[in-house]
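FYI, it's all coordinate maths here, none of it is from the lab. Everything numeric here is computed off the predicted structure, so don't read it as measured data.
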Amino acid sequence: MAPTSTPAWLSLIALLALAGCRAKSALTSQQLEGQHLYNVRCAHCHELNDLALKKVPPNLHHVFSSPTLPSGAPATDLNVERTILAGRGMMPPFAGSFNQEQMDALLSYLHAGIR
Ligand code: HEC
C-alpha cells in the first residue's frame, strides 16, 4: 500500500538538511569581522578592480581550496599573511594596517571561501 502523505522521517531529513545548509552559510563572528575588513580594504581591488590595474587582482574566492596561490606559491596562511603585509606587484603593503586579531579574522574569512 503506497503512503498518501509524506512520511514523518522524510520531513525530518528535509528539515535537518535545511538546518545543515543554514549552519554552513553562517559565518562565525571572527569571519564576520574578516568579511568587514575584506569589504573595506580588499574588495575594491579584488572584486571591482576599481583602479583598473593592468594586472587584474586575482579572485580570492576559495583561494585556500587550491594547493597554490595565483602566484604559484603554496596556499598557506603564512604566504597569504606575507602577501598582505608586504604587498605584491601592484598590491600595496598593509604592514601596520591590521593587528594580529584582525589578520587572523581576515585569514579565517578567506578560509570560509568568501560569501
Ligand atoms: C590596490 C589593489 C589591491 C588591494 C587594495 C589589495 N590587493 Fe591583493 N592583489 C592585488 C594584485 C594586483 C594582485 C596580484 C599581484 C601579482 O601577482 O602581481 C594581488 C594579489 C593578492 C593575493 C595573491 C598572492 C599570490 O601569491 O598569488 C592575495 C592572497 C591577496 N592579493 C590578498 C589581498 C587582501 C587580503 C587584501 C586586503 C587586505 C588585498 N589583497 C588588497 C591588488 C590589490
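How big is the Rg/Rh ratio for segment 28-111, C-alpha atoms only, Rh by Kirkwood, two decimals?
Numbers: Rg = 12.1 Å, Rh = 13.0 Å.
When Rh is taken as the Kirkwood radius, the ratio is 0.93.
Here the extension length gained between Thr68 and Asp104 equals 11.0 nm, from 0.36 nm per residue of separation less the Cα-Cα distance.
The relative contact order of segment 28-111, computed from alpha carbon pairs under 8 Å that lie at least 6 residues apart in sequence, is 44 percent.
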